[in-house]
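The values are calculated or read from the model by the stated rules, or taken from the named source; none is laboratory data. Given the structure is predicted, the values throughout are model-derived calculations rather than measurements. Here Cβ is always computed from backbone atoms with ideal geometry, including for glycine, and neighbour counts include all displayed protein chains. These area figures cover heavy atoms from the full protein model, side chains too; ligands, DNA and RNA do not enter into them. Shrake-Rupley method; radii C 1.70, N 1.55, O 1.52, S 1.80 Å.
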Amino acid sequence: MTIIYNIYIFDRHCECIFYTEWACQNSPLTTRPGQPADSSTVQATARGASSDTQDRNSLDQHRPTVWPSSANSTHGSAQRNLPMEEEAKLVYGVAFSTRNIVNKLSGKDGPQGGNPGGFMSFATNTYRMHYYESPTGVKFILNTDPHTASMQQVLEMIYRNIYVEYVTKNPLFNPNPATSAPIENDYFRAVLNNYIREITTFITSRCLR
Amino acid sequence: MVSGFTKSLSSVVYRNFFKKESTYFATIVGSGVLFSIGFNTYFDSYWNKKTAGTKWEDIKDKYQPSVHRHFFAHISMPIHSVFIINKAGGLIYNRDYSTNTVKLSSNEALILAGTFHGIHALASRISPASRSDGSKDTGIQTIDTSSFRIHCYQTATGIKFIAVTDPSYLQLNDVLSKMYGLYSDYALKNPFHSLEMPVRSELFDTKLQQLIQSS
């Protein structure tokens with residue numbers, strides 16, 4: 001069974017342009033330092049991954065928390081944005097530095113950046129962070145449970161068939177490459193949610209069989 | 001006396017081997033076979049001794065690379081390099097064990113160690129999940145890349161043992177904890193070793209080399 005916690009998308013300017021979580025226990029959106037996380041719904045999601053139907057149900061009732069989002073203004077932006085932005089910066093820093101270490105160790109370090117060393121993921125005892133960088137420098141960071149195998153194809157699929165289709169090809173896409181704009185596209189979010197739900201149930205059913 | 005003994009011996013030989021046609025024939029065939037085996041063995045060993053060092057078996061490796069030898073050399077050295085980082089993030093030991101690693105200057109290795117120390121600490125801060133038993137996140141344990149895999153083992157005292165291996169190597173914690181044993185035996189117990197400073201012990205070098213070659 002696999003648990004997918006959250007996804008971060010960073011653009012070329014190191015800005016977090018999209019964040020969604022599905023089964024987060026230590027959520028940057030709800031957890032304040034010194035305050036225990038609201039765990040009632042969370043545990044339901046985490047345990048619900050034990051079977052297909054339960055998993056789908058829990059994913060349905062536990063609607064993903066999203067950021068940035070205009071629809072989310074009820075949360076109070078000042079309260080929410082600070083820890084979220086800090087968290088995103090930390091995540092970006094960790095992924096970026098790990099990528100640089102890997103590039104250095106593989107001897108393919110170049111001035112143009114990118115991911116020539118082929119950094120794919122790192123694992124701690126609680127989660128595994130998967131990293132995918134598109135040739136244009138958009139970085140996808142997906143956190144799953146530590147036993148999940150490679151998610152490279154999933155992330156490439158998200159980039160190729162969801163990000164490019166619904167964000168880059170969107171006529172309202174921010175055309176100025178010098179600035180970064182958060183993704184506030186509901187289609188993108190819906191398709192991504194569907195896709196993640198699909199692969200969660202798919203991998204889970206494959207493991208149970 | 002002597003003539004009596006030869007007489008009795010020859011009569012025994014005659015009675016047992018020559019008297020009956022069938023045993024006579026078997027004796028001839030058997031002694032012929034035995035003689036040819038003995039002669040061949042003796043002459044082969046004599047020939048081998050005379051021509052030692054010039055035969056094809058001895059000089060073959062110079063002219064055709066042995067597939068098996070290279071294969072075993074590859075799988076017996078899956079650990080490419082080892083880093084040991086002290087609890088402050090300083091590099092105290094760094095060795096390469098294979099030829100296909102990138103040569104890092106000492107400055108680059110120091111920067112690498114410091115950066116790894118930083119991301120190791122940060123990775124436990126940004127964990128999206130907490131463990132069910134309430135224990136803390138340990139920080140990075142493995143890093144997967146397309147061409148190699150980095151394993152990290154952190155001791156209770158905060159020293160990190162890092163090994164770069166082939167991507168096929170799944171678990172390395174036992175080797176890394178053996179490395180910790182070697183470190184405490186041959187580096188920490190050395191009276192000339194100062195804490196948090198680079199390890200300079202030849203015995204540690206050789207023991208580590210043996211461990212890595214045997215793993």
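Counting every alpha-carbon pair across the range B:2-58, the share separated by more than 16 Å comes to 65%. Accessible-area loss of 50 Å² or more (1.4 Å probe, protein heavy atoms, chain alone versus all protein chains) is found in the range A:124-150 for A:Thr124, A:Asn125, A:Thr126, A:Tyr127.
Which of A:Lys104/B:Lys160; A:Lys108/B:Lys62; A:Lys139/B:Lys103; B:Lys87/B:Lys136 have a Cα-Cα distance over 24 Å?
Violating the 24 Å limit, Cα to Cα: A:Lys108/B:Lys62; A:Lys139/B:Lys103.
Model label sites at B:Glu202 and B:Ser168, defined 7 Å from Cα along the beta-carbon direction, differ in position by 3.6 nm. When the alpha carbon coordinates of the range B:134-182 are projected onto the principal axes, the ranges are 31, 30, 14 Å, largest first. Hydrodynamic estimate: the Kirkwood radius of the range B:79-214 over Cα pairs, inserted into Stokes-Einstein at 37 °C and 0.692 mPa s, corresponds to D of 210 µm²/s. At a Förster radius of 30 Å, what calculated FRET efficiency corresponds to the Cβ-Cβ distance of B:Thr99 and B:Lys60, to the nearest 0.05? With a Förster radius of 30 Å, E is 0.80. Computed with a 1.4 Å probe over protein heavy atoms only, the accessible surface of the range B:79-214 comes to 50 Å² per residue.
Ranked by the mean number of other Cβ atoms within 10 Å of their residues, highest first, the peptides A:157-167, B:186-196, B:142-152 fall in the order B:142-152, A:157-167, B:186-196.
Between B:Asp44 and A:Ser150, the FRET efficiency estimated from the beta carbon spacing at R0 = 56 angstrom works out to 0.45.
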